[in-house]
Amino acid sequence: MKIFNIHGYKGSAENSACLVLKEMRFDVISPQIDYDAENPDKILADLRNTVDKIKPDYIVGTSLGGFFALLLSIESGIPVFLVNPCIMPFYTLPEMDYNGDISVFIRMFSNFAEINQEKTFVIIGGKDEIISYHNFTKKLIHNYEVVPDGKHSGATLPLKEYFSKMIK
């Protein structure tokens, strides 16, 4: 089974989700992305091309990667798993010294009106110290699980158990 993994802002292609999925013996494709160096439209186009080429069974996105993963899922119909998703990067990134154009994210955000609730799943750390608006995420996406003591890092979440339960 092929899984396309997208890491978060200033993160690594070998993030917690990637490592867990590889440990579970999935075929994981996980590109390294420099979110500061590329325009969000170019990032999305590159990710879209990869999805078209590899045809994954699932998409996994962590933090800012979750934003792009959700967009790809909406476009492709591929089920998506989001780990502490940064659903509103136009709000979060300026607080993290991002100097790029946030208006692009606002435009992209409008596509979230088309979320397929049956194919979108979220795991949230109850003590996430980076994303402050998970209550909004829970209203936007109905299939979510909260880990009370989990933080922003996927390493603080029971990802192996979660993926084992969710990926068929």
Exercise. For the stretch 105-113, state whether one or more residues are of a type in the set (Gly, Ala, Ser) and either touching a residue at least 12 places away in the same chain (Cβ under 8 Å) or crowded, with 21+ Cβ neighbours inside 10 Å (or both).
Key: no
Quiz item: With LYS10, LYS55, LYS2 as the choices, which residue is touching a Pro at 6+ places or on another chain (Cβ under 8 Å) and either open to solvent by 40 Å² or more (accessible area, probe 1.4 Å) or at pLDDT below 95 (or both)?
Solution: LYS2
Quiz item: Is it the case that the stretch 87-100 has a residue that's in a loop (DSSP other than H, G, I, E, B), in contact with a Cys (Cβ under 7 Å, 6 or more places away or on another chain) and hydroxyl-bearing (Ser, Thr, Tyr)?
Solution: no
Quiz item: Can you spot a residue in the stretch 18-31 that is over 18 Å from LYS168 (Cα atoms), part of a loop (DSSP other than H, G, I, E, B), of a type in the set (S, T, N, Q) and open to solvent by less than 30 Å² (accessible area, probe 1.4 Å)?
Solution: yes
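Could you tell me whether the stretch 63-80 includes any residue that is at positive phi, touching a residue at least 12 places away in the same chain (Cβ under 8 Å) and surrounded by fewer than 22 Cβ atoms within 10 Å (Cβ to Cβ)?
So far as the stretch 63-80 goes, yes, one or more of its residues are at positive phi, touching a residue at least 12 places away in the same chain (Cβ under 8 Å) and surrounded by fewer than 22 Cβ atoms within 10 Å (Cβ to Cβ).
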Quiz item: Quick one: is GLY100 open to solvent by 10 Å² or more (accessible area, probe 1.4 Å) and over 14 Å from the mean Cα position of the chain (by Cα)?
Solution: yes
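The values are calculated or read from the model by the stated rules, or taken from the named source; none is laboratory data. As the structure is a computational prediction, the values presented were derived from the model and not from experiment. Every residue, glycine among them, receives a Cβ derived from its backbone with ideal geometry; neighbour counts consider all protein chains shown. Keep in mind that these areas ignore ligands, DNA and RNA; they rest on the heavy atoms of the full protein, side chains included. Shrake-Rupley method; radii C 1.70, N 1.55, O 1.52, S 1.80 Å.
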